[in-house]
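Here's the structure we're looking at; comments come further down.
The values are calculated or read from the model by the stated rules, or taken from the named source; none is laboratory data. Because the structure is predicted, anything quoted here is derived from the model rather than measured. Heads up, the Cβs are rebuilt from the backbone with ideal geometry, glycines too, and the neighbour counts pull from every protein chain shown. We work out accessible area using only protein heavy atoms, side chains counted, and drop any ligands, DNA or RNA first. Shrake-Rupley method; radii C 1.70, N 1.55, O 1.52, S 1.80 Å.
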Amino acid sequence: MLFNSYVFIFVFLPLSLFTYYFFLKLNKLNLAQLSLLLFSLFFYGWWNFYYLFLLIVSIIINYYIGNLLLYNKSKFYLTLGIILNLSLLFYYKYFNFFIDNFNLFFNKNFLFETIILPLGISFFTFQQISFLVESFSGSFREVRFIKYSIFVSFFPQLIAGPITRFNNFYPQLLSFNIKKLSRNLAIGLTIFSIGLFKKVCIADSISSYVDNGFSAVNYKIVLTFAESWITAILYTFQLYFDFSGYSDMAVGLAFMFGLIIPINFLSPFKSKNIAEFWRKWHISLSALARDYIFYPLALKLNQLCFDLSIKEKISNIITTIIPTIICFFAIGVWHGAGWNFIIFGLS
């Protein structure tokens, strides 16, 4: 079910909003949130009912491990939880890529059925890893299952993000001001409409020209210099407005339910340099990589350089370049299973 589909805009969204605010009017916050969870699970199961069970099992396991970490700051449980999440992601997203390359390099012929990638697995996997890390750090005291399940499965950010931090999202579920209903709907609908315009009127309109340009090689059509550049530039704008549009729609939808999720794009094409560009493009992913990969790795390398009495200039290079390379490699691999993503991450 796509955000720009008729069934979503004219059926699913009105029903979910009506049910949610109906229970809020009755001062039944728990029932309102339960309805939001059920609608979110229905939204996910609409695409493939089988993978709904995968999402539910993932939620239960991570919730259980997270609660263990609240009372037992064990690195074993944290490592176990991260490995389980990454293993799930590896199997569904990278296993076929791994087998294909193994066959290619070692001249083997291992055959496996094509694995269909579950919807939004990269997003809900990394959100739950961040939850485990925050549980280990003791950022909160208790977690209720229904509210945690909403954090993972909340339909506005389930398809294409942004990656939401538990510490920022969970406190919003503990209370709600019904007096802000009209304001939330007005602001949320406005942001959603802007995102919908980006997606439908810009990205989808450009896509036909981009498809024609890239498919020209299949018909042995040689594009001119100008046509090649126009196709590449249009593809850039199609990619941006598609992802940015979805992110805006997610923020708007969440606001309609009185919830705030991160802004994922902040006019990155207006950036003055590449560093500023990466701070404004897919902000939630960049922030996650910075906080959970770059900073911890840089601190450990800095301590290692200090213990080995490495000169300050060399130490600064090591503690900057190595974490940066690993960060961007992880971001590249996160985007997809393919050598193009690996090269993108390392370049």
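When Ile187, Ile129 are compared by accessible area of protein heavy atoms, the largest-first order is Ile187, Ile129, using a 1.4 Å probe.
For the chain, the membrane-span-like helices by this rule, meaning whole DSSP H stretches whose C-alpha atoms cover at least 30 Å of axis and whose Kyte-Doolittle mean is 0.5 or above, are 49-71, 225-256, 312-335; this says nothing about an actual membrane. Solvent exposure of Leu24, expressed as accessible area, is near 20 Å², computed with a probe of 1.4 Å over the protein chains only.
Rolling a 1.4 Å probe over the heavy atoms of the protein chains gives the range 1-157 an accessible area of 54 Å² per residue. Here the chain is scanned for GluC sites (Glu not before Pro) in DSSP loops (not H, G, I, E, B) that have at most 16 other Cβ atoms within 10 Å, and the longest stretch holding none of them is 143-347. In the range 137-163, which residues have a backbone nitrogen under 20 Å from the label point lying 7 Å from Phe76's Cα in the Cα-to-Cβ direction? Residues 137-138 qualify, since their backbone N sits under 20 Å from the label point.
Checking the a/c ratio against 1.5 first, then a/b against b/c, what shape does the Cα gyration tensor give for the range 1-157? Since a/c reaches 1.5 but b/c is at least a/b, the shape of the range 1-157 is classed as oblate.
Between Leu104 and Leu297, the C-beta separation translates, for a Förster distance of 35 Å, into a calculated FRET efficiency of about 0.65.
The heavy atoms of Arg183 present about 120 square angstrom of accessible area, all protein chains included, probe 1.4 Å. The trypsin sites (Lys or Arg not before Pro) of the range 56-113 that meet both conditions, a loop assignment by DSSP and at most 16 other Cβ atoms within 10 Å of the site Cβ, are Lys73, Lys108. When the helices of the chain are scored as -39500 (n - 2.57) per DSSP H run of n ≥ 4 and the total is divided over every residue, the value at 222 nm lands at -22000 deg cm²/dmol. The overall shape of the range 196-317, judged from the alpha-carbon gyration tensor, is oblate: a/c is not under 1.5, and a/b is no greater than b/c.
Here the label points at Ile178 and Thr324, each 7 Å from Cα along the C-beta direction, are separated by 5.4 nm in the simple model. Over the range 259-347, accessible surface divided per residue gives 63 Å², non-protein components excluded, 1.4 Å probe. The 1.4 Å probe gives accessible areas that order His282, His335, largest first, as His335, His282. In terms of its C-alpha gyration tensor, the range 145-246 has a prolate overall shape, because the principal axis ratio a/c (a ≥ b ≥ c, square roots of the eigenvalues) is not below 1.5 and a/b outweighs b/c. In the range 15-109, the portion of solvent-accessible area held by carbon and sulfur atoms comes to 71 percent [1.4 Å probe, whole percent, DNA, RNA and ligands not counted]. Straightening the chain between Ala226 and Asn96 buys 43.1 nm, computed as 0.36 nm per residue apart minus the Cα-Cα spacing. Checking the Cα-Cα distances for Lys28/Lys280; Lys147/Lys199; Lys198/Lys270; Lys25/Lys147; Lys73/Lys93; Lys198/Lys272 against a 28 Å cut-off, the pairs over it are Lys28/Lys280; Lys147/Lys199; Lys73/Lys93.
Of (i) 22.2, 66; (ii) 22.0, 93; (iii) 20.6, 60, which one was derived for Rg and Dmax of the Cα atoms in Å from the structure shown? Only one listed value fits the structure, namely (i).
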